[in-house]
1. Name the residue, out of I110, I6, that is modelled with pLDDT under 80 and either of a type outside the set (F, W, Y) or surrounded by 10 or more Cβ atoms within 10 Å (Cβ to Cβ) (or both).
2. Just to be sure, is T14 modelled with pLDDT under 80 and hydroxyl-bearing (S, T, Y)?
3. Determine, yes or no, whether F94 is part of a helix (DSSP H, G or I) and either touching a helix residue (DSSP H, G or I) at 6+ places or on another chain (Cβ under 9 Å) or at pLDDT below 70 (or both).
Amino acid sequence: MPKNIILKVFEGITDRVAVISIMGPQSSGKSTLLNFLFGCDFGTSEGRCTKGVYGTYYKFSNILLPNCDGVFLMDTEGLFATLNTKDAARRKDFDSKLVLFCLAVSDFVIINTKGNLDS
């Protein structure tokens, strides 16, 4: 995406924002966790809900953090999700790009797992 388009989108925003993203396998409860922790309204159901990256911004109504005016939450598509064999070949590349994007733009990254960490 050209730099001037990005600059135009964020032009005039002076808030100091903390960016929090969540990653994990498909159907591990990423959207549900964000909804519970932050009172969001990300869609939830069994199976695939989020495609790509969804985001929402919350401005703090009181002073929770002295150097932050709000939080931008990013809900991501589940990792390792293959809907059909045609997509399986491109999935690893997509997952890699999604993880790198979240790591690059986020102040905090939540890694959600499905089941036990040992299994």
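1. On the way: I110 fails: modelled with pLDDT under 80.
Result: I6 is the single residue among I110, I6 that is modelled with pLDDT under 80 and either of a type outside the set (F, W, Y) or surrounded by 10 or more Cβ atoms within 10 Å (Cβ to Cβ) (or both).
2. Details: modelled with pLDDT under 80: yes; hydroxyl-bearing (S, T, Y): yes.
So T14 passes the test.
3. On the way: part of a helix (DSSP H, G or I): yes; either touching a helix residue (DSSP H, G or I) at 6+ places or on another chain (Cβ under 9 Å) or at pLDDT below 70 (or both): yes.
Against the criterion (part of a helix (DSSP H, G or I) and either touching a helix residue (DSSP H, G or I) at 6+ places or on another chain (Cβ under 9 Å) or at pLDDT below 70 (or both)), F94 qualifies.
The values are calculated or read from the model by the stated rules, or taken from the named source; none is laboratory data. These numbers come from a predicted model, not from an experiment. All Cβ positions, even for glycine, are placed from backbone atoms using ideal geometry, and neighbour counts span all protein chains on display.
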